[in-house]
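Q: Once you've had a glance at the structure underneath, I'll fire off some questions.
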Amino acid sequence: MIKTIVSTDLFGRSSKRPRTYWSYGSHGLLMECVASWSREDGYSIEPYGLDFSPRVADLARQRLPRWAGRIYTGNVIDWQPPRHFDFVRTELDYVPVHRQRGLVGRLLSEVVAPGGRLIVCSYGSSSRPASRAEPVGAILRGWGYEVAGETEATAPNGVVVLRVAWLST
């Protein structure tokens, strides 16, 4: 399901130059998947990650020693990136509701490279009624952003379990 979304032109697969991808909440699995899927589709994504938990980041570094220097520990609210990234993935629920709009603004101005994309995801559950994917595209438009694209994935029972919206810089 997620591979199908990544295999769209969300990551600019038409580009022949290697692109960078940064994700908050990084235990390394999504870094691995995005790098692998992009290679399968004929383009290159160089992954980076940040996690709030030193223990989770350390485990990811141990599991992925080739990318150990690309896995950082910090808080997405105030972490200072060593560079800008072409694609930045986050979720709004990583910060309190009253800080979500500010998080989007900060990531766009301080983390996303010029010409890059901020990818905002929301995950839900098909079996728990209280855990539904948030309408991130509508939320971003409500804050005045122009959403460049959005997509969603549904479970076999028809429940939307993933929503993705992206902003281009």
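Q: Skipping prolines and chain starts, which residues have an amide H placed within reach, meaning under 5 Å, of the one on A113, given they are 5 or more residues away or on another chain?
A: F85, D86
Q: Collect residues whose amide H, placed 1.01 Å from N in the peptide plane, falls under 5 Å from the amide H of A133; neighbours closer than 5 in sequence don't count.
A: Here G124, S125 satisfy the definition.
Q: Sum -39500 (n - 2.57) across every DSSP H segment of at least 4 residues in the chain, then divide by the residue count to get the 222 nm mean residue ellipticity, nearest 500.
A: After summing the helix terms and dividing by residue count, I get -7500 deg cm²/dmol.
Q: Same structure, new question: With viscosity set to 0.692 mPa s and temperature to 37 °C, compute the Stokes-Einstein D of the range 47-125, Rh being the Kirkwood radius across alpha carbon pairs; µm²/s, no decimals.
A: My calculation gives 245 µm²/s for D.
Q: Computing the accessible area with a 1.4 Å probe over protein heavy atoms, can you report the carbon and sulfur percentage for the range 84-159?
A: Answer for the range 84-159: carbon and sulfur cover 50 percent of the accessible area.
Q: With a cut-off of at most 15 other beta carbons within 10 Å, and DSSP calling the residue loop, which trypsin sites (Lys or Arg not before Pro) in the range 62-165 qualify? Please list them.
A: R83
Q: Ordering H84, H98 by how much accessible area each has at a 1.4 Å probe, largest first, what is the list?
A: My answer, sorted largest first, is H98, H84.
Q: How many times 2.2 N^0.38 Å is the alpha carbon radius of gyration of the chain?
A: Here the Cα radius of gyration is 1.00 times the empirical estimate.
Q: Relative contact order for the chain: what percent, with Cα pairs under 8 Å and sequence separation of 6 or more?
A: 17 percent
Q: Here is a follow-up. Per residue, how much accessible area does the range 111-169 have with a 1.4 Å probe, in Å²?
A: For the range 111-169, the solvent-accessible area averages 49 Å² per residue.
Q: Let me ask something else about it. Suppose R0 equals 22 Å; then what is the FRET efficiency for E146 and A113 from their Cβ-Cβ distance, rounded to the nearest 0.05?
A: Plugging the Cβ-Cβ distance into 1/(1 + (r/R0)^6) gives 0.75.
The values are calculated or read from the model by the stated rules, or taken from the named source; none is laboratory data. Keep in mind that what you see is a predicted model, and the values were worked out from it rather than measured. Here Cβ is always computed from backbone atoms with ideal geometry, including for glycine, and neighbour counts include all displayed protein chains. Note: accessible area is taken over every heavy atom of the protein model, side chains too, but ligands, DNA and RNA are not part of it. Shrake-Rupley method; radii C 1.70, N 1.55, O 1.52, S 1.80 Å.
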